[in-house]
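The structure appears right after this line, and notes come after that.
The values are calculated or read from the model by the stated rules, or taken from the named source; none is laboratory data. Computed from a predicted model, the values in this text were never measured in an experiment. Every residue, glycine as well, gets a Cβ built from its backbone with ideal geometry; the counts of neighbours run over all protein chains shown.
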Amino acid sequence: MSELTTIARPYAKAAFEYAVAAGAVDAWQEMLVFASEVSTNETMTSYLSGGASVEQAQDLFIKVCDEQLNPQGQNLIKVMAENERLLVLPQVSEQFGLLKAEYEKEITVDVSSAVELTADQQSSISAALEKRLARKVKLNCIVDESVVSGLVIKAGDMVIDGSVRGKLNRLATTMQS
């Protein structure tokens, strides 16, 4: 999987830089999401994996995507087809999304709690995280009964464990040392 990400990264970066310059980041993301869905279609995957020539792959892919791709999006598809990289479109779309989130100073945060959070609690958590992370925060609230009480917040590689289980684990570690 990391090999596919490595292959996809330059395509995503080039597409993102072009999209920023053209002021069409959202439109490009929509095109890439659509193209990645097309590339994951079982029929399309078997066709692209088979012995299709570059020209045939380009033509079919562009015909299937039709009006979903603008001329620049079609050029990206042509370049990827020439390099036999159409099957990494899902990773290109994913990398593009990460670049967009970084550009827009946005982060998705997973919040796990034992019970469903109220709207006030969510807005309070969101405001505190926006202040701490200096980014726009989108909450992904998850009900996890194993949390017992409190919250577990995961934002990228940062984890804030305010659950009772976490506190008990830290207390046990402190008492053992």
Response to the item:
Only one of (1) modelled with pLDDT of 85 or more; (2) surrounded by 15 or more Cβ atoms within 10 Å (Cβ to Cβ); (3) β-branched (Val, Ile, Thr) does not apply to Val64, and that is (1)
Worksheet item: In the stretch 15-41, what residues are small (Gly, Ala, Ser), out of contact with any helix residue (DSSP H, G or I) (no Cβ under 8 Å at 6 or more places or on another chain) and in a helix (DSSP H, G or I)?
Response: Ala21
Worksheet item: Do you know which residues across the stretch 31-55 are over 16 Å from Tyr11 (Cβ atoms) and surrounded by 14 or more Cβ atoms within 10 Å (Cβ to Cβ)?
Response: Glu37, Met44, Thr45, Tyr47, Ala52
